[in-house]
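A.B. asks: Sharing a structure, written as structure tokens. Questions coming.
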Amino acid sequence: MGLLTKGSPLSWSETVPYVEYIKKHGIAQFINLYHRLKSRQGDQLKWGDEIEYTIVKFDHDGKKVRVSLRAEELLGRLSAEEEVNNLVGTANKFLWRPEFAAYMVEGTPGVPYGGLLACFNVVEANMKMRRAAINGLLKKDESVLSISFPALGTADFTFPSAQCTPDDEQGAGRSLFFPDDAIYNGHPRFKNLVRNIRGRRGEKVAINVPIYKDEKTNAPFQENLAHVKEEHKMRALDDHIYMDHMGFGMGCCCLQVTFQAVNVDEARWLYDQLTPITPVLLALSAATPIFKGFLADVDSRWDIISASVDDRTAEERGLIPLENSKWRIEKSRYDTTDCYIYACSAAYNDIPLQYDEEIYQQLLEGQIDEHLSKHIAHMFIRDPLQVFRERIEQDDTKSSEHFETIQSSNWMNMRFKPPPPDAPEIGWRVEFRPTEVQLTDFENAAYCCFVVLLTRVIISFRLTYLLPISMIGENMKRAQKRDAVTQQKFFFRKGLSTCRQPPEEFAGGETKCTGGQPRSEDIAEMSIHEIVNGKDEEWPGLIPLIKQYLDSADVDVDTRCTISQYLNFISKRASGEIWTLAHWTRDFVHSHSAYKKDSCVPDETIYDLLSLMSDISSGQKHCERLLGTYRSKTDQLIPSAVRRAEESLVMSKQKRLH
């Protein structure tokens, strides 16, 4: 979602004179914020998920599905209920926010989940209530699906119909395939981002996704762009699906989890420890094998989003010699993180890190330590893309808006999040970003709970999963390949390694990790099955470690049952016994009568696919190949007796610590 400040957005040419000013003051804001809140201690685990949904409309007579451009209307009605609840003092069960596309909405729990283990039993119930709330506002033949729409950019894919205007110089995207009317119009952020990415880059974005070559796929595969001007199609590659708009990435849906740490040091440590887990979840949750109505040779949307917001100039991409740009930049601003940020992890930063030297010195002079300074200075090689005329002048002791305009547009697989300056209830947080959104509430809840339980395991057992940062980048590439969950190997620690310093002692000191410098003999290439479920006696597996943690905790019966269902489901998806959504979708397409084995997925196939998806997500049908036979005991409320018992245990633990 990003920063949703309101005001008069500046075009890229209007932004250029303020770029260095905003960067300098953004760093000053971070320094002030850091020193004001660096001593904040004792925050409890709070966490929440963000799920993005797509609104679709079925044309049953024409056997076609379109995205329904009703997000602004729906959000208005959903937000009205939120405002009423705020006025009368009633807690919101969920919150709704806009997303990039006019057919998308984002839902979160109304308040964060707490540190009680029983909270894991309410996650799925809350997701079900969210879906029901949207369903209650839909028109006939509409459905809400937590998927990335497979026909974005095909002919007449929106309802109401919207036209592309590639030759309109005043247009936001000037896309051949994705009309400006499909961008959310209720906030100026989104269209302005499209314009300014194109303006800074100097041309439209170019997204080329390798085509899946089936029996009758043309060789070379080429889309029919004969009617298009050369200037609009010159970046299309043979044997690739060509897309030219931010909407093909940011118009996909995702699942993210944010959790609060006890203090800044634990947040930094968890950021590092979870970074090696991100490719595992990307492969495990693969859900996006179709783009623009074509079968792709990848299963995930990660690189597509990366290319969709790539604002680097030709010089920065190394296509022409440097003249006007400061440096060549290796990656898009949406990509895999390039460095760890906690002191003991520094030995694993094995790739050259680009950072702004002046900003780095400003941070050091502001008494920010070397490792965090390099992380922030690395983010600030990017320019601000969203500046509002009324908000250029700010009080750097009270605002963090200039910092956040760059921080929130560095879309990496992990995000380290300082507390907002005006929200005393919110502490230091970490956001886990790579997971693909799943079709059902059961799946989404399973992945969220799995990630949060991993944070509890890491802290409780003082585990370290650190790998050389270069291996994370390689793992992220492998994780997107077709059927990566069963066909690829990933670099991972082959044995348990621990940190000597207990997590409750995080208070500014360095965590000392066993093993010192990274050693090649500590790392192996493993399958997702081996990483998740274990490999002989070398590596116990993530799920067995979670189960060991739960065995040492006092968990009520219903919550333990629900968690067990989630873990068993993920275990079988890791082994391939239960298919990923990407694999299931490919199988459906290949077996559909309208598919001609030429990589082109017809409207009729997509219609039948999404009809079945709608039935499965609503619970009208069940698919064992996709979901197994699992059922949770999720509930909307935590029983008062369970809450009292868990809170008593938490209080006892805190007394022992003090």
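Read-outs throughout are calculated quantities, based only on the coordinates presented, and are distinct from any laboratory measurement. Computed from a predicted structure; not experimentally measured. Every residue, glycine among them, receives a Cβ derived from its backbone with ideal geometry; neighbour counts consider all protein chains shown.
A.B. asks: List the aspartates and glutamates whose Cα sits under 14 Å from the Cα of LYS140, skipping any in the same chain fewer than 8 residues away.
C.D. replies: ASP59, ASP61
A.B. asks: Right, here's the next one. Wrap a convex hull around the Cα atoms of the range 104-194, take a quarter of its surface area, and give that in square nanometres.
C.D. replies: Over all viewing directions, the range 104-194 projects a mean Cα-hull area of 8.3 nm².
A.B. asks: Per DSSP helix of 4 or more residues, -39500 (n - 2.57); summed, then divided by the residues of the chain. What does that give at 222 nm, rounded to the nearest 500?
C.D. replies: -11000 deg cm²/dmol
A.B. asks: Something else: Once Rh is set to the Kirkwood radius over Cα pairs, what Stokes-Einstein translational diffusion coefficient, in µm²/s, holds for the chain at a temperature of 25 °C and a viscosity of 0.890 mPa s?
C.D. replies: 96
A.B. asks: Same structure again: Taking every Cα atom in the range 307-401, find the radius of gyration and the maximum pairwise distance Dmax, and write them in Å.
C.D. replies: Cα-based Rg and Dmax for the range 307-401 come out at 15.3, 44 Å.
A.B. asks: Taking every pair of Cα atoms in the range 272-359, average 1/r, invert it to obtain the Kirkwood radius, and report Rg/Rh to two decimals.
C.D. replies: 1.04
A.B. asks: Ranked highest first by average number of other Cβ atoms within 10 Å, how do 70-76, 394-400, 324-330 line up?
C.D. replies: 70-76, 394-400, 324-330
A.B. asks: Please report the equivalent ellipsoid semi-axes of the range 406-503, computed as sqrt(5 x eigenvalue) of the Cα gyration tensor, largest first, in whole Å.
C.D. replies: Over the Cα atoms of the range 406-503, the semi-axes work out to 25, 21, 16 Å.
A.B. asks: In addition: Translational diffusion coefficient of the range 186-301 at 20 °C, 1.002 mPa s, Stokes-Einstein with Kirkwood Rh over Cα pairs, in µm²/s as a whole number.
C.D. replies: Diffusion coefficient, whole number: 123 µm²/s.
A.B. asks: Another question, if that's okay. Per residue of the range 430-436, what does 6.51 cos²θ - 1.76 cosθ + 1.60 with θ = phi - 60° give for ³J(HN,Hα)? Whole Hz please, x for Gly and Pro, Karplus curve as stated.
C.D. replies: Each residue of the range 430-436 in turn: 10, 10, 9, 10, x, 5, 6 Hz.
A.B. asks: Output the pairs from LYS93/LYS535; LYS24/LYS331; LYS596/LYS621; LYS191/LYS292; LYS38/LYS128 with a Cα-Cα distance over 30 Å in this structure; if there are none, say none.
C.D. replies: Checking Cα-Cα distances, LYS93/LYS535; LYS38/LYS128 exceed 30 Å.
A.B. asks: Still on this structure, I have one more. Relative to the present Cα-Cα distance, how much length would full extension add between ASN218 and LEU364 at 0.36 nm per residue of separation?
C.D. replies: 46.9 nm
A.B. asks: Along its principal axes, what span do the Cα atoms of the range 8-91 show, with the longest given first and each in whole Å?
C.D. replies: For the range 8-91, the Cα spread along each principal axis is 61, 44, 26 Å.
A.B. asks: How far apart, in nanometres, would the label points at LEU353 and GLU203 be if each is projected 7 angstrom from Cα along the Cα-to-Cβ direction?
C.D. replies: Taking the two extended label points, one gets 3.3 nm.
A.B. asks: Please report Rg over Rh for the range 172-221, where both radii come from the alpha carbon positions and Rh follows the Kirkwood definition.
C.D. replies: Result: Rg/Rh = 1.17.
A.B. asks: Each residue of the range 411-424 in order: what ³J(HN,Hα) in whole Hz does its phi give by Karplus 6.51 cos²θ - 1.76 cosθ + 1.60, θ = phi - 60°, with x for Gly and Pro?
C.D. replies: Once θ is set to phi - 60°, the couplings for the range 411-424 become 9, 9, 5, 10, 9, 8, 10, x, x, x, x, 10, 9, x Hz.
A.B. asks: Quick one: go through the range 565-606 and flag any residue whose amide nitrogen is under 18 Å from the point 7 Å out along the Cα-to-Cβ line of SER161.
C.D. replies: Under 18 Å, as judged by backbone N against the label point of SER161, lie 603-604 of the range 565-606.
A.B. asks: Compute the Rg/Rh shape ratio of the range 530-586: radius of gyration over Kirkwood radius, all on alpha-carbon atoms.
C.D. replies: Answer for the range 530-586: 1.06.
A.B. asks: Still on this model: Simple spin-label model, 7 Å along Cα-to-Cβ: GLU169 to GLU323 in nm?
C.D. replies: My value for the distance between the label points is 2.2 nm.
A.B. asks: Further, regarding this structure: Send over the per residue convex hull volume for the range 246-296, Cα only, as a whole number of Å³.
C.D. replies: So the per-residue Cα hull volume is 108 Å³.
A.B. asks: Then there's this: Quick one: dipole size for the chain, taken about the Cα centre, charges +1 on Lys/Arg Cβ and -1 on Asp/Glu Cβ, in debye to the nearest 20.
C.D. replies: Magnitude of the dipole: close to 880 debye.
A.B. asks: Could you check how many percent of all C-alpha pairs in the range 565-625 are farther apart than 20 Å?
C.D. replies: When all Cα pairs of the range 565-625 are counted, 36 percent exceed 20 Å.
A.B. asks: Taking amide H positions as placed 1.01 Å from N in the peptide plane, with prolines and chain starts having none, which residues 5 or more places from ALA101, or on another chain, fall under 5 Å of its amide H?
C.D. replies: Those lying under 5 Å, H to H, from ALA101 are TYR184.
A.B. asks: Any lysines with Cα under 17 Å of the LYS23 Cα? List them, leaving off those in the same chain fewer than 8 positions away.
C.D. replies: LYS326, LYS374, LYS398
A.B. asks: Another question, if that's okay. Compute the projected area of the convex hull of the Cα atoms of the range 94-139, averaged over all viewing directions, and report it in nm² to one decimal place.
C.D. replies: 3.7
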